[in-house]
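*Asks:* There's a structure below that I have some questions on.
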Amino acid sequence: MISIAHTDISDGSGPLSEQLDASWGEVLSLIQPQINSQSFKTWFEPIKPVRYENGELMVNVPSQFFFEWLEEHYHGLVAGALQKVFGRSVKVTYNVTPVDEPLPSVVVSAAEIGQKANEALQARIEPAESVRPLEYDKTNLNRRYTFANFIKGESNQLARAAAMAVANNPGGTSFNPLVLYGGTGLGKTHLMQAIGNYALEHGKAKRVMYISSEKFTIEFIDAIRGDRTNEFSNFYRSMDILIVDDIQFFSGKEKTQDSFFHTFNSLHQLGKQIILSSDRPPKELQGLDDRLISRFQWGLTADIQPPDLETRTAILRKKCEDESVNIPDQVLDFVAANVTSNVRELEGCYTSLLFKASLEGKEVDIDLAREVLRSIVNDVKSPLSVEEIQRIVSEFYDLPSDLLRAKTRKQEVVIARQVAMYLAKELTNCSLKTIGLNFGGRDHSTVIHAYQTVEEQLKIDPKFRTSMEQVRRKIEILSR
Ligand code: ADP
Ligand code: MG
């Protein structure tokens, strides 16, 4: 059991606390060999034990996201080490030491908040004109990119957490440089700029610069032509945070790389933050000087993967919310199920959908969404529901469809039910849990069992295979 406190607790002192420090040291020494040194340094060194009493340990951590990260990734590890050292199971209370203002996206889980909460948040983090740093206009940052409107998902979890840590303490974490990599349209630019925006708004940095590697290259060449290379270097070396996007385009540009190498070194030495993005992991960058690649690996390299269905849906919901647009959930789910690879494409689809609706004076419904999707996605999957599958399967087996949801264990019903569960798993994006619920509130393990049974049967029984193909075809025809 873990709980979290927000009270202001000062470190204890005296013999008891020395004993606690020693015990905590033992806990750390058990944890350290089990994870890589970067993770240890990042997530465990900053933890401070405060007090231990009757199987309850209170520790200070620097932020809530820190606590969330520990809980999500190291819960078992910590619990095991504590058990060994204290000889019993230990309940940990995390105390967030209020050194820094919490990050907005930690306090507010962006996907869940309503429009109002978001507005209030924006108002809070937007400083008055007079206190805005002078350099703001020259940062190249787009203020649209914030943490608050970056949807958290499994696909971007580490990148987002690291970005938030860096934003809160630029140059002060071991994430220097922070390198984000991943395919196009997955949110690299958004996250990098969110760091810059957050750091400026919260006074964590004064001089922030966002630049693409292409623009950096052009400016560098201009500087050479105009005999201003010193000025150029001095400018970039004066930053608190330097953000360089799409560094793969440095490839083959040796002089520019050389200049960037020196800029990198001097910023790093001064403890300034460097943030880079690339379309692939640094070690796979071709046409880049090895010296540079090795430096890119000094800090943290975090990938962003294509978002899963849940995240895609949340991104669309958030857009609707922010723009006060009303699109039925069913349509959002349909779009999210079909646009799978890229957030930019997802947003493009959303925009086209609204555009088409207003242009043609139509409702935003599944049919319109299907039209829009056809121009973007090759094979538009129908928004099949579990009920529809049940209807078609029971028709095929000539059974009333409510029997599939009923308790009966008659052999022919059991088979039809298993087939329907199997197809629901194959053809919809519903979770096992949801599928189970749709079959008269059955458990997800029942769905797994059905799935495995059908799979086995398909392997050994050609007749069953044929009938399965017939049902599938029927579903395909009837649901389009
Ligand atoms: P990249 O730089 O990786 O090519 P971008 O940062 O330009 O991708 O993202 C493409 C679009 O998708 C942007 O409009 C961005 O705001 C949006 N986007 C990407 N990921 C998310 C996310 N997790 N939540 C909300 N919007 C996102
Ligand atoms: Mg980009």
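The values are calculated or read from the model by the stated rules, or taken from the named source; none is laboratory data. Since the structure is predicted, the reported quantities are computational estimates derived from the model, not experimental observations. Heads up, the Cβs are rebuilt from the backbone with ideal geometry, glycines too, and the neighbour counts pull from every protein chain shown. Protein only, heavy atoms only, side chains kept; ligands, DNA and RNA dropped before computing areas. Shrake-Rupley method; radii C 1.70, N 1.55, O 1.52, S 1.80 Å.
*Asks:* Within the stretch 217-246, can you find the residues that are among the polar types (S, T, N, Q) and open to solvent by less than 30 Å² (accessible area, probe 1.4 Å)?
*Replies:* Within the stretch 217-246, Thr217, Ser233 meet the criteria.
*Asks:* OK, next. Can you name every residue in the stretch 364-410 that is basic (Lys, Arg), outside any loop (DSSP other than H, G, I, E, B) and within 22 Å of Glu426 (Cβ to Cβ)?
*Replies:* Arg370, Arg391, Arg405
*Asks:* Being within 13 Å of Ala336 (Cα to Cα) and acidic (Asp, Glu) narrows it down to one residue among Glu387, Glu395, Glu371, Glu347; which is it?
*Replies:* The unique qualifying residue is Glu347.
*Asks:* I need the full set of residues from the stretch 419-456 which are among the charged types (D, E, K, R), farther than 18 Å from Val393 by Cα and assigned to a helix (DSSP H, G or I), in order please.
*Replies:* Lys433, Glu456
*Asks:* Working carefully through the options Gly203, Gly226, find the one that is away from ligand 1 (no atom under 16 Å from the Cβ) and at positive phi.
*Replies:* Step by step, each of Gly203, Gly226 is checked, and only Gly203 is away from ligand 1 (no atom under 16 Å from the Cβ) and at positive phi.
*Asks:* Check every one of the helices (runs of 4 or more DSSP H) wholly within the stretch 9-115 and list those with 3 or more residues that are open to solvent by 40 Å² or more (accessible area, probe 1.4 Å) and either in contact with a His (Cβ under 6 Å, 6 or more places away or on another chain) or modelled with pLDDT of 75 or more (or both).
*Replies:* Where helices (runs of 4 or more DSSP H) fall fully within the stretch 9-115 and carry at least 3 residues being open to solvent by 40 Å² or more (accessible area, probe 1.4 Å) and either in contact with a His (Cβ under 6 Å, 6 or more places away or on another chain) or modelled with pLDDT of 75 or more (or both), they are 15-31, 64-86.
*Asks:* For the stretch 180-203, name all the residues that are crowded, with 24+ Cβ neighbours inside 10 Å and outside any helix (DSSP H, G or I).
*Replies:* Leu180, Leu186, Gly187
*Asks:* Output the residues belonging to the stretch 289-325 that are assigned to a helix (DSSP H, G or I), touching a residue at least 60 places away in the same chain (Cβ under 8 Å) and open to solvent by 60 Å² or more (accessible area, probe 1.4 Å).
*Replies:* Residues satisfying the conditions are Glu310, Arg317.
*Asks:* Given (1) more than 12 Å from ligand 2 (Cβ to nearest atom); (2) of a type in the set (Asp, Glu); (3) surrounded by fewer than 19 Cβ atoms within 10 Å (Cβ to Cβ), identify the lone condition not met by Glu214.
*Replies:* (1)
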